[in-house]
Each structure stands twice: as structure tokens, then as C-alpha cells.
């Protein structure tokens, strides 16, 4: 089975069958969820805890370079696992069925400077409802980068390669302020009082994280204050770089598409699935890569089934790929170097002037507009 480079236009009847097959796959997968999934996520909780304790413990002996390096890497690993395989998936409600208050998607708070409440709004609701719809999905370039030719070019985008590097290093901070709509405030469309009100919970979360990582643990180390401080800084940067890489590979590779708001008119279930497929890309690899990415290496499956335990994505991926092949739809996947190389190309290419590309129709019955990147 080979991927198609050009998606075959689907009729309304084909879209209905496409959606029905994916709904049936979802139902079969949901029926399997149970004790095995509970054991898995509890093992992840333990892995997060033990790697954090080991990492922080080694950093207390950070004057010795091997201890500092290993401690920083273990702490970074803990933060990545908590952020991606634990926090992201729990906040999606993937484990609400367990009725465990520590794994409740509505109340879980994770170990980054951004609040889980803001993430539930910008990611769980806006991004997953309006995936890659221009003007509705703020994740298209995160308001910082021009990633797609449909975005209007501005002279400031000439500095985009530099912005991209800074954004990668500070990704958790960018996510934290994503919903503050700073652009509206700078344009005078939001009052300072309103901005302060919206920033208040974010500011409290930032303060807690700063105190924990950059004050409390370094002070507890006494004479090893500086190694512990630098270890925490590097561990947080490692998490930001990895998260940025995984998320951008899942959304901004060469064949990923964006869409106009018109796709929402009478959007069928099959058309919704098609939008998730064409707005996503996967990473090929083994079990370790899948765990380290929070199974966002299966971004297509995640966009289709965001509330199913992510460990199930590897199980359903072959069937989704087979369904896509039968309907002549590209299943976008590739290695991490390949996919991230395409992301870098997009960042560089679209930093330069070009006319916004018009929407290219996807022939349906009746026709509906879909913009292809």
C-alpha cells in the first residue's frame, strides 16, 4: 500500500461511508478501553515521579559534571513525560472514565507556566473543533509565524527564522500567553484592565512555577544552588524544544492543508474526519518515540479521536491508513528528520514575500471549498 500524493475528490456518499467507517473503528476501540489502559497511565505517573526525584537528587551533586548532565537529562525526561504522555492526554479527558480525581481532565494542572484552563480553551476546544481553519484556529502559526501561503505576508516576517528559534526555546511561555490576545491590546481593542484580569491566573501560575524551579529547589541545594538552578533552566528548555518539534511536525509539514471558514457550512461527520486527516501529519518510529511524544507521533489519529487513550493510536493507525488508501486519501507520515525538515522549509520559504494563495476547491457532491497549502 502506497500513499497518494494527490487526494482523490470524494462525493457526498463516499464521505458518508468514510465517516461511518471511522465512527465504527472508534466504537470498537472505545469498547476495549479498561484495566490495561489504567495500568499504563499509572505506570506513566510513576515514571514521571521517579525520574523527577532521581533528576533533582543528582542535581544536588551538580558540581560534578556527570551528575549534573545525568540529573538534567532525567529531570528533562520527567518534564517531557508529564507534559506530553500524562498532562496533555489527561487534560483531553482520555482517562475520565477511571473516576480518579488525580487524572480528571477537567481539574488536572500540569507542570508548565501555562494554565490547564487556558489549554482546555485554546487547544481542546478551539484547535480540535476548528482544526486548521484560518481565523478560528489560533494554532496556525500561533500568531507569530507565517507557515502557510494563505497567510498575508508582512515585512516583519523577514525575521521569522529568528522568531522561530526564540519561540522554540520559550515554547511553554508562548503557550501560556496564547489566549491573552496581546495583539488586540496593542491595537487598542482591549483595555489594560481587561488584559490584567485575563493575565491574573496566568501570572499566578507563572509565579508558582518560577518559585518552584528557580527559587525553592536551588535554595534547598545550599552550596549547590547554581548547578540546580542551571539544571532546571536547561530541563525546561529541553522540554520546550521537544514539544515545539513534535507539535510543529504534526501540523506544519509540506502537505498539511488549511481551510476557509466556509468548510463549516453543513459540515458532515465524514468531512470533519477528512479535515482532521488533511490538517495533520504523523511521525514514524518505535514505541519509545510514541511514548516520548505523548503519542502525538500519531497526530492524525489524535485529531480524529482526541478523547481515546493515546496508547491506543498505534493500534488503530494501520486500519485508518488502510481506510484512507481505499478512499484515495493521503496518509501523511514520515521520519522525524524528514518531517521537521519540511517544517524548517515552510518557516524559511514563507518568511519571504509571496501573494496569499487562493482557495483550491476540493470536488465534493455538492462542491465545498477547502484550501490546500
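With 284, 262 as the choices, which residue is more than 21 Å from residue 35 (Cα to Cα), surrounded by fewer than 23 Cβ atoms within 10 Å (Cβ to Cβ), touching a residue at least 24 places away in the same chain (Cβ under 8 Å) and touching a strand residue (DSSP E or B) at 6+ places or on another chain (Cβ under 6 Å)? Before the answer, list the steps.
Numbers: 262 fails: touching a strand residue (DSSP E or B) at 6+ places or on another chain (Cβ under 6 Å).
Result of the check over 284, 262: 284.
What is the one condition in (1) closer than 28 Å to residue 104 by Cα; (2) in a helix (DSSP H, G or I); (3) in contact with a helix residue (DSSP H, G or I) (Cβ under 7 Å, 6 or more places away or on another chain) that residue 272 does not satisfy?
It fails just one condition, (3).
One residue is enough: does the stretch 236-253 have a residue meeting the conditions surrounded by fewer than 17 Cβ atoms within 10 Å (Cβ to Cβ), outside any loop (DSSP other than H, G, I, E, B), in contact (Cβ under 8 Å) with a residue 40 or more places away in the chain and touching a strand residue (DSSP E or B) at 6+ places or on another chain (Cβ under 9 Å)?
So far as the stretch 236-253 goes, no, none of its residues is surrounded by fewer than 17 Cβ atoms within 10 Å (Cβ to Cβ), outside any loop (DSSP other than H, G, I, E, B), in contact (Cβ under 8 Å) with a residue 40 or more places away in the chain and touching a strand residue (DSSP E or B) at 6+ places or on another chain (Cβ under 9 Å).
Could you list all residues from the stretch 93-107 that are part of a loop (DSSP other than H, G, I, E, B) and surrounded by fewer than 21 Cβ atoms within 10 Å (Cβ to Cβ)?
Those that are part of a loop (DSSP other than H, G, I, E, B) and surrounded by fewer than 21 Cβ atoms within 10 Å (Cβ to Cβ): 93, 99, 100, 104, 105, 106, 107.
Report those helices (runs of 4 or more DSSP H) wholly inside the stretch 140-227 carrying at least 2 residues which are closer than 23 Å to residue 129 by Cβ and at pLDDT 90 or above.
Working: elements: 160-169, 171-176, 182-186, 192-211, 217-220.
Once the helices (runs of 4 or more DSSP H) in the stretch 140-227 are filtered for at least 2 residues that are closer than 23 Å to residue 129 by Cβ and at pLDDT 90 or above, what remains is 171-176, 192-211.
Within the group 131, 51, which residue is closer than 19 Å to residue 212 by Cα and crowded, with 20+ Cβ neighbours inside 10 Å?
So the residue among 131, 51 that is closer than 19 Å to residue 212 by Cα and crowded, with 20+ Cβ neighbours inside 10 Å is 51.
Hey, any hits in the stretch 311-325 for a residue that's touching a residue at least 40 places away in the same chain (Cβ under 8 Å), in a loop (DSSP other than H, G, I, E, B) and either out of contact with any helix residue (DSSP H, G or I) (no Cβ under 8 Å at 6 or more places or on another chain) or surrounded by 22 or more Cβ atoms within 10 Å (Cβ to Cβ) (or both)?
no
In the stretch 1-92, which helices (runs of 4 or more DSSP H) lie fully inside it and hold 3 or more residues that are at pLDDT 95 or above, under 17 Å from residue 231 (Cα atoms) and more than 26 Å from the chain's Cα centre (by Cα)?
Output list reads 35-59, 65-81.
The values are calculated or read from the model by the stated rules, or taken from the named source; none is laboratory data. For clarity, every value in this text was computed on a predicted model and none was experimentally measured. Note: ideal-geometry Cβ built from the backbone for every residue, glycine included; neighbour counts use all protein chains shown.
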